[in-house]
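The values are calculated or read from the model by the stated rules, or taken from the named source; none is laboratory data. Note that the structure is a prediction, hence the values are computed from the model and not measured. Don't worry about glycine lacking a Cβ; one is built from the backbone with ideal geometry, like all the others, and counts go over all protein chains shown.
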Amino acid sequence: MDESIILLIVLSLCLGAGCWLIFIWAVKKGEFDDVEKPKHRMLDDD
Amino acid sequence: MTTPAVHSCHHCGISFRWDPVETDPAEGDRLEFCCRGCLGAFRLICSAGLGKFYQRDVRSMPTVTPDSSGQFNDEELVRHVTPDGEFCRLDILVGGISCPSCIWLLERMISRIDGVADVSISYAGGIASVVFDPARSAPSEIFATISSLGFSPRPFSPALSDLEVRRERNDLLLRFGTALFLTMQLMAYSYSLYAGYFQGMGSGIKSVLQYASCIVATPVVFYCGWPFLEGAWQSLRSRRPGMDLLIAVGALTAWIYSTWALFSLQETYYESAAMIVTFVLLGRLLELSVRRTAMSGIESLYAAVVSRATLVEKSGHRDVPADDIRPGDLLLVRQGERFPVDCLVLDGETEIDQSLVTGESLPVLASPGSDVRAGCINVASPVTVQALRAVGHSYLMRVAALVRMAQAGKPSLQRLSDRIAGWFVPAVILLAILVCIGHYYVAGQGIGRALMVSLSVVLIACPCAMGLAVPAAVLAACSRSASLGIILRSGDVIERLAAVQCAFFDKTGTVTMGQPRVTGFSSAGCLSERDVLAAAASVEHQAAHPLARAIVGYAAEQGELPGGCMNFTITPGRGVSGQTEGGHQVLCGSRSFLEGRGVSLAGSREVGALQDTEVLVAIDGCLAGCFLLSDQIRPGSSSLVATLVSKGIELRLVSGDAQPVVDRIAFTIGIAAALGDMTPDQKLALVHDAQNRGRRVLMVGDGVNDAPALAAAYVSCSLTGSSDIALENADVIIAGDDVTRLATAYRISRSTMIVIRQNLAWAFLYNIVGIPLAVSGYLTPVYAAIAMTASSLLVSLNSLRLMRISHHG
């Protein structure tokens, strides 16, 4: 019982950590630098 | 007429024609300066033993690197110092400002430096404008003070500002993202623990969950919450309690208590510690977005500032940062590029797009000798230009500086809430301690319970909302105004404009265009209308007089473009004469001018209307035609008057023109009271008189003759086309020709005051309800954290409503 809970905790931490790493990568890549422009981009011609 | 000699300032290098300020003969060589400020800066440099600054090639000077961690020396900083009256001004971008309390602290500490006359920090950009006496304090001292408080000062330049904001935002985003991820994990354990608390749980599992909580909560407090811990430490060291201290105390108390509880097998509250940090980070992130949105008005100006430029040297072209351009440098501006600084075209002919600077949508021709302002776009072909001013002194940057100063100014309401925040924090911490003692000793509860209650008190009392109430509204209002073409000189203008009771309007240039237009043209009969127009336009084209421009403009509308003209002479105030390409001798001017040249005016009829000006044309000594010109009423004047009258504001038209003319204009636009034949003194007396009767006066004017009245009035307003002295004295500056923007400015100021009152009322109400609840122990720390954040959010969002005010309606 205890072992399975520890296992699940570790598993959820690993899953979360995966998402967290993707998030860090996105911030570093400048994905959040300008949240205004992209929503207007589809209206541009080119 | 002799033109005054051109002088060149020894410090800033600008060329000027007025009398120079000179060094004392005792100081050695006689040197010329454009103003006392530059002389002051020069003395500062020399007294610091850095006189060799003036011999060095400034372009080879090292640029200040952002990583020099507060180690700045005067030699580098002096480049960023600009003169301001008798003092010097230094703009500093301060990194690490996270809340209104930081600004309060910085302003307090900087103003304590000996020699600092004024300091104001813009909440929007985190930019400190420090005015100081160069004889008593050095820029490095100011920088050292800022960095000793834990902030990172940088000399201000636009490109850096953008980077700084982005860096701060990314840092905050990383901390918040991490906190969110860990807190979500933590909540899973916490809910299990809550369930276990009520339904029973094996001690083994409970320990596992508690240890897991500890593992995820610790980085939240010490990594994500680091900015608060750092801020708290700084505020302790400088003995200036701020918001960060309150948050740090809350989070640390919860964490330390929980860690103690973990080892003594009691209930832990790690989720409280983590949630405080997460929620406050979210608040900060949103606050930063508000600041960014509010800054957008200024950013559109900064965006036009180019960061690199092509320098022309003997050895060829070189790419340099725009900051390094000195007056006198030769630059190449290619097709499609923006002009980096105000400059003079030396070689090449092109068309430039001035839309950003003047609002003029059609490109205009620029040829050698033309002045071009920074921010214009070179549309047609490459030109070589000479820089007239450094980047920081360009017209564009002056306007941007004006807007920024407006944002830094605070209404008196703001000073009130600043004062409150100053004693509020120590009071809250004291209350929390008392509550803890009360619950532990007097009510006899467990130490854990007592600590939790005092924790709630600390959290609920965070004066975020109170600190945000005024600046957020002022920021949103200034930014919205700027994007509607209304520049507010300072934040308190909003408060004053909203309280205006009567308004005095100058006539010429304010309710009228201030420029004559041709209202009628008739030919005397001996020549065709087109021939007369063409001849008059050719001669008048050479003159710069407003009447001449109006005639040329009228001829162009009729399809007659000016031709060549020889032997042009001008008799000031009377008329002009010249010879057309066809060999005809043309005279244009007043009745007496033509009569004086022997032209017979028999048969021409006198015009009676007072507001009209007459220009007669004679060709080869014979009267050929007559133009009638008059000043046109500005479109929108009537609707502005109607709007202001409907708000219950008493209006008057005052003018130096003759009474009948003023009466007619007043009647046309709907102003009931009109006063003509007013001298500048009488206008001033009129304003004083009204104000002595307790009326709050808005003065709208544009000319030199309005300046005293503008300066004396409770609020004053000018249009961008006005004389410099009028602009200097105006609190509200309206860009472009649309006077109805004044009505919009009035509406914005009224709405802003309403929003400010709502915000302050909410902040006080929240504390009045929240603190007793927390003291009595009904509010757990988690709810306190949520309530505090929600309250800050509400105030920010309420202020953002001001951004939706439109120009019409």
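For every residue, the table says whether it meets (1) aliphatic (A, V, I, L, M); (2) in a helix (DSSP H, G or I); (3) at pLDDT 75 or above.
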{"position": "B:Leu430", "(1), (2), (3)": "yes, yes, yes"}
{"position": "B:Cys478", "(1), (2), (3)": "no, yes, yes"}
{"position": "B:Glu495", "(1), (2), (3)": "no, yes, yes"}
{"position": "B:Val500", "(1), (2), (3)": "yes, no, yes"}
Mind checking whether some residue in segment B:303-318 is in the same structural domain as B:Gly375 (by TED's automatic domain parsing), in a helix (DSSP H, G or I) and at pLDDT below 80? no
So in segment A:18-43, with the set limited to residues that are exposed (fewer than 13 other Cβ atoms within 10 Å of the Cβ) and at pLDDT 90 or above, which one is nearest to B:Pro219 (Cα to Cα)? A:Leu21
Any chance segment B:667-684 includes a residue that's surrounded by fewer than 15 Cβ atoms within 10 Å (Cβ to Cβ) and among the hydroxyl-bearing types (Ser, Thr, Tyr)? yes
Could you pull out every one of the helices (runs of 4 or more DSSP H) wholly within segment B:191-278 that has 2 or more residues that are surrounded by fewer than 21 Cβ atoms within 10 Å (Cβ to Cβ) and within 14 Å of chain A (Cβ to nearest Cβ)? B:203-219
Whichever residue in segment B:652-707 is farther than 22 Å from B:Ile734 by Cα and of a type in the set (Ser, Thr, Tyr) and, among such residues, is nearest to the chain's Cα centre (by Cα): B:Thr679
Being at pLDDT below 85 and under 21 Å from B:Leu455 (Cα atoms) narrows it down to one residue among B:Met201, B:Met187, B:Met243; which is it? B:Met243
Residue identified as modelled with pLDDT under 75 and aliphatic (A, V, I, L, M) among B:Met275, B:Met295: B:Met295
Subset of segment B:365-378 [in a loop (DSSP other than H, G, I, E, B) and either touching a helix residue (DSSP H, G or I) at 6+ places or on another chain (Cβ under 9 Å) or surrounded by fewer than 16 Cβ atoms within 10 Å (Cβ to Cβ) (or both)]: B:Ser367, B:Pro368, B:Gly369, B:Arg373, B:Ala374, B:Gly375, B:Cys376
Which of the residues belonging to segment B:777-808 are under 23 Å from the mean Cα position of the chain (by Cα) and modelled with pLDDT of 80 or more? B:Val795, B:Ser796, B:Leu797, B:Asn798, B:Ser799, B:Leu800, B:Arg801, B:Leu802, B:Met803, B:Arg804, B:Ile805, B:Ser806
What is the residue count in segment B:179-190 for residues that are crowded, with 20+ Cβ neighbours inside 10 Å, in contact with a Ser or Thr (Cβ under 7 Å, 6 or more places away or on another chain) and of a type in the set (A, V, I, L, M, F, W, C)? 2
Tally, over segment A:11-33, of residues that are assigned to a helix (DSSP H, G or I), facing another protein chain (nearest Cβ under 7 Å) and closer than 16 Å to B:Arg166 by Cα: 2
Pairs only if they're at least six apart or on different chains, beta carbon under 7 angstrom, first in segment B:429-450 and surrounded by 13 or more Cβ atoms within 10 Å (Cβ to Cβ), second of a type in the set (Lys, Arg) and at pLDDT below 85; list them, first residue then second. B:His439/B:Arg449
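What tally of residues in segment B:131-149 results from selecting those that are part of a loop (DSSP other than H, G, I, E, B) and surrounded by fewer than 18 Cβ atoms within 10 Å (Cβ to Cβ)?
Keep residues of segment B:131-149 that are part of a loop (DSSP other than H, G, I, E, B), which gives B:133-138, B:149.
The next check asks that each one be surrounded by fewer than 18 Cβ atoms within 10 Å (Cβ to Cβ); those that pass are B:133, B:135-136.
Qualifying residue count for the region: 3.
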